[in-house]
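Let me begin by presenting the structure, written as structure tokens, before commenting on it.
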Ligand SMILES: [Zn+2]
């Protein structure tokens with residue numbers, strides 16, 4: 001059997017014509033390396049912090065929930081529904097995203113949604129997840145907050161018991177709805193705050209800076225919750241929004257935040273505060289306005305920022321969950337195995353989990369790295 005070194009020597013033995021037109025052996029080697037990297041990523045112990053539960057609502061489940069709730073979807077079948085997922089920017093994505101969640105009406109719907117995500121994550125060796133949800137959108141449709149949080153919490157408990165995956169829940173303020181709506185959602189959730197770990201800020205950023213929700217963040221923090229906020233990529237006033245998040249709101253984490261690469265001052269601040277960034281390369285690949293555009297993952301890693309890789313809204317992004325996202329990010333940003341381990345170490349450090357669980361997760365990561373010859 002040819003070992004890798006012998007195969008490489010054989011490949012290099014081809015003549016100039018072979019170099020101009022890659023031989024099948026070169027292609028086989030590239031495929032072999034890709035398969036090796038995919039297997040490494042699949043086995044890597046992982047955590048995820050930037051996944052919107054409503055963004056994990058797969059088309060198949062949408063049809064199943066619509067049937068259960070007596071709703072008619074305006075699509076003939078799953079394929080037709082998936083074909084409608086065409087967006088070109090954040091607002092056009094959000095229009096599809098919010099329309100899709102109308103089938104979520106009752107406690108078991110939220111259970112099924114959360115359990116399906118956690119089962120998928122567990123199958124990909126995600127040990128721990130903190131999941132976003134957007135309750136204002138459900139309250140608007142007359143769903144009770146207790147049904148939303150209750151269903152998700154029941155799924156978290158079952159997934160921990162049956163699948164071994166630990167998780168927590170982050171309530172997001174929908175920034176393009178009114179500040180009053182967000183406060184009403186927070187007030188409705190606070191009596192159940194033991195089931196939440198933090199609050200966040202998502203949806204359409206244009207004209208909706210973090211400062212719009214300063215009172216909400218302060219109230220949540222006073223109730224013992226952690227604080228994070230989306231600073232989506234290439235948004236209007238993006239650096240001012242990042243500044244507000246770090247300085248005024250004093251976030252514990254930032255979601256996306258790639259434009260920080262355009263501000264040495266803000267980068268220095270983030271490093272001084274040891275902030276972690278939840279980057280989602282599917283939706284936020286390059287910082288625009290720079291020549292040439294800067295790859296977010298490579299740029300932030302090389303700048304020494306603490307980044308983690310996440311899937312965001314996988315059901316709307318070709319059903320690519322964390323493993324698939326990492327495989328693509330590795331290829332796109334030329335990530336080494338050591339860098340992948342470094343980002344998962346960041347991820348376990350970034351979690352709002354108890355220290356016993358953090359130590360157990362880090363021990364699994366260290367053992368995996370050592371088994372692959374990567375020093376901790
Ligand atoms: Zn997001």
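Here are the numbers for this structure:
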quantity	calculated
Angle in degrees between helix 90-100 and the longest Cα principal axis of the chain, rounded to the nearest 10	60
Longest to shortest principal axis, alpha-carbon extents of segment 316-376, angstrom	35, 29, 15
Principal-axis tilt of helix 24-43 within the chain, Cα atoms, nearest 10 degrees	40
Exposure proxy order (Cβ contacts within 10 Å, fewest to most) of 132, 63, 173	63, 132, 173
DSSP beta bridges in the chain [antiparallel fraction, %, rounded to 5]	5
Sequence of 172, 361, 231 once ranked by neighbouring C-beta atoms within 10 Å, starting from the fewest	361, 172, 231
Degrees, to the nearest 10: 179-189 long Cα axis against longest axis of the chain	90
Per-residue Cβ neighbour rank within 10 angstrom, fewest leading, 58, 265	265, 58
Computed FRET value (nearest 0.05) for residue 302 with residue 179, which takes r as the C-beta separation and R₀ as 45 Å	0.75
Using a Förster distance of 25 Å, the FRET efficiency for residue 78-residue 106 (Cβ separation, nearest 0.05)	0.70
Virtual spin-label span in nm between residue 218 and residue 372, 7 Å along Cα→Cβ	4.6
Kirkwood-Stokes translational diffusion coefficient of the chain, alpha-carbon pairs, 4 °C, 1.567 mPa s, µm²/s	59
Computed over segment 153-241, Kirkwood Rh from alpha-carbon pairs, angstrom	14.1
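Every number in this text was worked out from the coordinates using simple rules, so none of it is lab data. Given the structure is predicted, the values throughout are model-derived calculations rather than measurements. Ideal geometry is used to build each Cβ from the backbone, glycine not excepted, and the neighbour counts take in all protein chains shown.
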